[in-house]
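Written out below as structure tokens is the structure these notes cover.
Computed from the coordinates by the stated procedures, all read-outs in this text should not be read as laboratory data. These numbers come from a predicted model, not from an experiment. As a convention, Cβ positions derive from the backbone with ideal geometry for all residues, glycine included, and neighbour counts pool all protein chains shown.
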Amino acid sequence: MRLRLTFAKQGALRYTGHLDVQRIWERTVRRAGLPLAYTHGFRPRPKIQLASALPLGFASRAEIVDVWLEEDLSPDEALRARLQENAPPGLEILRLERVDDRAPALQNQLRAAEYEVTLLDAPPEPELDRRVRAVLEAGSLPRTRRGKTYDLRPLIESLRLLPPDAQGRPRLAMRLAAREGATGRPDEVLAALSIPLHAARVERVGLIFEPQINTEEHG
Amino acid sequence: MLTPKEIEARLERVLLQVQKPGRYVGGEFNAIHKDWAQARTRVALIFPDIYDIGVSNVGLKILYDQINQRPDALAERAYAPWVDMEEKMRAHGIPLYALESKHPLADFDILGFTLPYETLYTNALNILDLAGIPLRSAERDETHPLVIAGGHATMNPEPMHAFIDAFAIGEGEEIIHEIIEAVQRRQSDAKGRKFSDRAALLRDLARVPGVYVPSLYEVTYHEDGTVAGITPRVPEAPPKVIKRIVGKLPPPPTRFIVPNIDIVHNRVSVEIMRGCTRGCRFCQAGMITRPVRERSVEEIVQAAEEAVAATGFEELALLSLSSSDYSHILELVEAVGERFRGRHLTVSLPSLRIETVSVELMERLKERRSGGFTLAPEAATERMRRIINKYIPDEQILETAREIYRRGWTTIKLYFMIGHPSETLEDVQAIADLCKRVLAEGRKVLGGKAKVHAGVSTFVPKPHTPFQWAPCDTVEQITAKQDLLKRTLRDRAIKLSWTDPEETMLEAWLSRGDRRMAGVVYSAWKRGARFDAWGDQRRHQAWLEAFAEHGLDPAFYTHRARRADEIFPWEHISAAVRKEYLFQDYRQSMEGKIRIDCRQQCYACGILPTFADLRRANPGEIWKCPEVKTPKRKVAPKAEVAA
Ligand code: SF4
């Protein structure tokens with residue numbers, strides 16, 4: 001069966017990269033004693049697919065993974081609890097559901113991702129506001145990443161200021177394209193705002209898929 | 001000192017600027033988080049190399065469990081930050097902290113280092129420095145943690161004597177509790193003071209069997225620089241510190257830490273036996289971990305099952321110095337194979353003997369022929385094999401190789417050792433020839449697919465071995481031997497790897513050093529030496545300058561045959577193997593005499609008289625030394641209950 005889990009990735013786990021998250025799921029499922037399905041072939045690999053890589057250092061409350069099991073189990077609270085008990089601290093299973101085995105791969109259905117950013121030492125609000133407007137008003141934002149130049153501007157679907165957090169630190173919300181070959185990175189947007197990544201706390205709050213599997217958080 | 005919260009806040013600013021930040025944040029499955037305020041004694045266990053290497057260390061895991069099982073104590077972990085992180089920590093004023101609670105190391109009562117190999121010494125100093133703790137034991141007072149160390153390298157503790165308050169010699173399972181209890185009797189409730197009287201604490205510790213407190217001994221030297229005498233300064237300090245062992249191996253740890261990042265060994269390990277009876281003369285581990293004590297097949301399989309379930313790891317390693325010598329190896333392999341078949345688990349069984357049976361054993365364990373098959377002939381001529389007491393005829397090696405290739409492995413890893421003082425270039429040439437002959441066997445079966453990987457390490461005459469009287473080869477000799485191998489092993493199907501002679505020299509200085517070496521270690525660290533086990537970080541020049549600064553000649557430690565009656569710097573540390581026994585074995589080596597496995601014939605190496613009580617308390621199969629006669633009992637033993 002194909003099990004789809006929505007999970008949060010917080011705390012120390014922010015510093016675990018994409019491939020290692022895959023490993024964490026593998027081990028969590030095994031510790032929970034669930035019959036993980038493997039690919040066939042010379043080097044069988046566990047069948048686990050993450051919807052989207054989350055850059056190192058970012059938290060998330062909207063990650064999605066598909067896990068294939070050899071057995072058909074009911075995706076209920078008992079199963080959630082069993083997995084949760086065997087997950088490392090920082091990985092919180094929010095939801096699980098059964099999906100059709102033939103449903104398209106998550107990666108291919110992804111359209112955009114939403115992020116919230118808390119700024120640890122930000123410029124004064126009017127200045128921040130000015131920079132946000134400058135980014136939005138720019139016709140193009142040429143940037144270089146890994147030696148390749150690309151235009152960041154069309155990847156920014158939205159960017160706005162949120163009310164400050166409890167400690168009065170300014171916050172930003174952004175929605176960035178996340179399609180095959182057209183993925184906006186929040187750290188790149190921060191760079192366009194002249195905010196160093198280490199002075200920001202980024203959290204992914206929603207993954208936007210083709211309409212049928214939208215997992216965006218509302219409210 | 002910063003609070004854990006302050007440390008976390010500063011970390012957040014730097015973690016994204018270093019490689020693999022997951023090394024520095026903890027949060028692993030199976031990490032134990034105990035209430036800081038509730039624990040009377042807090043211990044930080046430190047592996048002085050990076051997280052990626054340290055986290056899977058079984059010795060520390062045993063101690064971690066032992067301490068955390070006590071209601072009155074807690075244990076947390078710390079590792080050496082890699083150079084990029086060290087730079088950030090220094091720049092941002094972040095002291096080295098423990099991963100569980102993020103408390104700075106200076107907040108702990110005890111810092112316990114494991115020193116499995118000598119090239120970690122400068123890292124240990126660096127860690128103390130990053131923790132803001134005075135490096136020298138003599139400079140610490142009641143406000144500083146007690147710094148202790150154990151591990152194989154501490155069988156010669158002297159090069160680290162100035163920095164470590166107390167060494168735990170031998171096995172740690174029991175002694176750690178005695179150390180904690182001794183510490184608790186001197187712990188202080190006064191604010192800012194950890195201990196009521198540090199000097200008194202050290203004297204108390206010296207009373208614990210197996211604990212060596214270096215500051216309580218006086219070492220004198222002859223004019224030629226050799227040791228004249230090692231004398232206790234106080235009655236509490238025993239003239240000889242005898243290593244500790246456990247009579248029976250306690251249940252192995254199973255709840256291994258599961259890291260959130262990729263590390264070197266992603267696996268659970270179950271120690272199947274401790275000690276080795278083979279008696280290879282170069283092998284320090286084999287000499288210092290005697291006697292052989294085995295676990296039962298049942299206990300091993302049970303522990304493996306529990307560990308795999310508790311971790312979800314994809315690999316199981318069955319550890320020992322010589323798997324083939326485990327009494328029930330066939331039974332064990334069958335039981336493990338049966339239990340885990342079809343569960344996508346890789347099982348590794350290191351150190352198999354070079355014989356065809358080993359190939360069958362491996363075949364039963366492996367579902368796939370992945371990775372190479374490892375054999376360790378160590379030497380390639382009959383003469384050298386007799387000298388080192390590891391005698392495997394060529395024919396046996398070739399037959400085993402044939403069998404390995406025939407059963408589908410494409411790569412054979414062959415481990416050799418060069419650099420013994422009686423080794424000639426002909427002996428080295430024979431290594432190259434043997435590699436080629438093994439490859440030829442492979443080609444007969446597999447054609448161009450067959451491969452050989454020759455790993456050639458360099459001999460260091462280690463303390464507590466029969467070769468402790470022998471000198472090392474010089475760098476020139478080693479280089480000549482390595483060049484010969486590089487020249488002759490040019491086949492693309494043969495991969496050759498070797499140890500940098502500079503690393504060998506460093507290992508030799510540090511393992512054979514006396515107390516004066518401590519000054520050299522300190523100066524080398526001051527000059528930037530750290531991560532000496534990492535080829536790209538090693539600073540040989542810093543070491544040479546450090547020797548010069550102290551007016552010491554490196555060759556004194558490495559290139560000098562020892563007199564038969566020389567007092568070694570480690571003379572007061574006993575592995576319970578008699579010096580006369582080692583010397584006799586050294587003589588036999590020079591005569592080319594083999595000593596067969598002592599399971600078959602006890603040579604009275606000294607283990608039994610030292611541990612007679614333990615042997616008596618653990619009769620039968622589990623020890624591989626002969627039974628010790630029970631002293632006459634006054635009461636007749638209880639009659640056996642009739643079935
Ligand atoms: S006492 Fe005898 S059997 Fe035991 S380790 Fe020593 S030589 Fe071997």
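Assorted remarks:
- Antiparallel DSSP beta bridges within the protein assembly as shown, percent to nearest 5: 55
- Nearest-0.05 FRET efficiency for B:ARG492 and B:ASP536, computed from C-beta distance (R0 25 Å): 0.45
- Using the Cβ-Cβ distance between B:ALA555 and A:GLN107 with R0 set to 60 Å, the FRET efficiency works out to roughly 0.45.
- Across chain A, the volume of the C-alpha convex hull divided among the residues equals 145 Å³ per residue.
- Net length available on complete extension from B:TRP36 to B:MET1 is 11.0 nm, with 0.36 nm assigned per residue and the Cα-Cα distance removed.
- With the convex hull of its Cα atoms as the shape, segment A:109-216 has an orientation-averaged projected area of 7.2 nm².
- Interatomic Cα distance distribution for segment A:8-130, bins of 5 angstrom, percent: 2, 9, 17, 21, 18, 13, 7, 4, 3, 3, 2, 0
- Using a cutoff of 8 angstrom between alpha carbon atoms and counting only pairs six or more residues apart, the relative contact order for chain B works out to 13 percent.
- Segment A:132-176 - Kirkwood radius from inverse mean 1/r over Cα pairs (Å): 12.0
- Label-zone membership for segment B:519-557, site B:THR479, 7 angstrom Cα→C-beta point, backbone N under 19 Å: B:535-536, B:538-545, B:554-556
- Counting only alpha carbon atoms, the long axis of helix B:4-14 and the longest principal axis of chain B meet at about 60°.
- Normalised contact order of chain A, rounded percent, pairs of Cα under 8 Å and 6 or more residues apart: 24
- Taken over chain B, the convex hull of the Cα atoms encloses 179 Å³ per residue.
- Relative to the dominant Cα principal axis of chain A, helix A:18-31 is inclined by about 30°.
- Between B:GLN396 and B:ARG341, the simple spin-label model (points 7 angstrom out along Cα→Cβ) gives 3.1 nm.
- For segment B:385-457, the direction-averaged projected area of the alpha-carbon convex hull comes to 4.7 nm².
- For the protein assembly as shown, the dipole from Cβ point charges (+1 on Lys and Arg, -1 on Asp and Glu) about the Cα centre works out to 1000 debye, to the nearest 20.
- Dipole magnitude of segment B:4-239, debye to nearest 20 (Cβ charges: Lys/Arg +1, Asp/Glu -1, about Cα centre): 680
- Computing FRET efficiency as 1/(1 + (r/R0)^6) for A:ARG45 and B:TYR221, where r is the C-beta to C-beta distance and R0 is 56 Å, gives about 0.35.
- Whole-number D in µm² s⁻¹ for the protein assembly as shown, Kirkwood Cα-pair radius fed into Stokes-Einstein, 37 °C, 0.692 mPa s: 109
- For the pair A:GLU85 and A:LEU136, label points projected 7 Å from Cα toward Cβ lie 4.9 nm apart.
- When each of A:LYS47/B:LYS61; B:LYS34/B:LYS462; B:LYS102/B:LYS194 is checked by Cα-Cα distance, pairs over 28 Å: A:LYS47/B:LYS61; B:LYS34/B:LYS462
- Computed from backbone phi, the HN-Hα couplings of segment B:233-243 come to 8, 10, x, 5, 7, x, x, 10, 9, 9, 4 Hz, rounded to whole numbers (Karplus: 6.51 cos²θ - 1.76 cosθ + 1.60, θ = phi - 60°; Gly and Pro given as x).
- Added length on full extension, which subtracts the Cα-Cα distance from 0.36 nm per residue, B:ARG599 to B:ARG407: 66.0 nm
- Each peptide among B:437-447, A:120-130 gets the average number of other Cβ atoms lying within 10 Å of its residues, and from highest to lowest they stand as B:437-447, A:120-130.
- Compactness of segment B:132-282 - radius of gyration and Dmax, Cα, Å: 18.4, 55
- Cα centroid of segment B:25-61 to Cα centroid of segment B:291-343, whole Å: 25
- A simple spin-label model places pseudo-atoms 7 Å from Cα toward Cβ; at A:SER194 and B:HIS92 they are separated by 2.3 nm.
- Dipole orientation for the protein assembly as shown: of the candidates A:LEU193, B:PRO466, B:VAL83, B:PRO466 has the Cα lying most toward the positive pole (charges on Cβ; Lys, Arg +1; Asp, Glu -1).
- Percent RCO, i.e. relative contact order, over segment B:327-442, from Cα pairs under 8 Å lying at least 6 residues apart: 28
- Per-bin percent of Cα-Cα distances, segment B:335-382 [10 Å]: 22, 50, 21, 6, 1
- Extension gain from B:GLU382 to B:ARG443, taking 0.36 nm per residue of separation minus the Cα-Cα distance: 19.4 nm
- Cβ-isolated cysteines (cut-off 4.7 Å), chain B: B:CYS276, B:CYS435, B:CYS472, B:CYS598, B:CYS602, B:CYS605, B:CYS625
- Globularity index of segment B:4-239, i.e. its alpha-carbon radius of gyration over 2.2 N^0.38 Å: 1.01
- When +1 charges are put on Lys and Arg Cβ atoms and -1 charges on Asp and Glu Cβ atoms, the dipole computed for segment A:77-219 relative to its Cα centre reaches about 460 debye.
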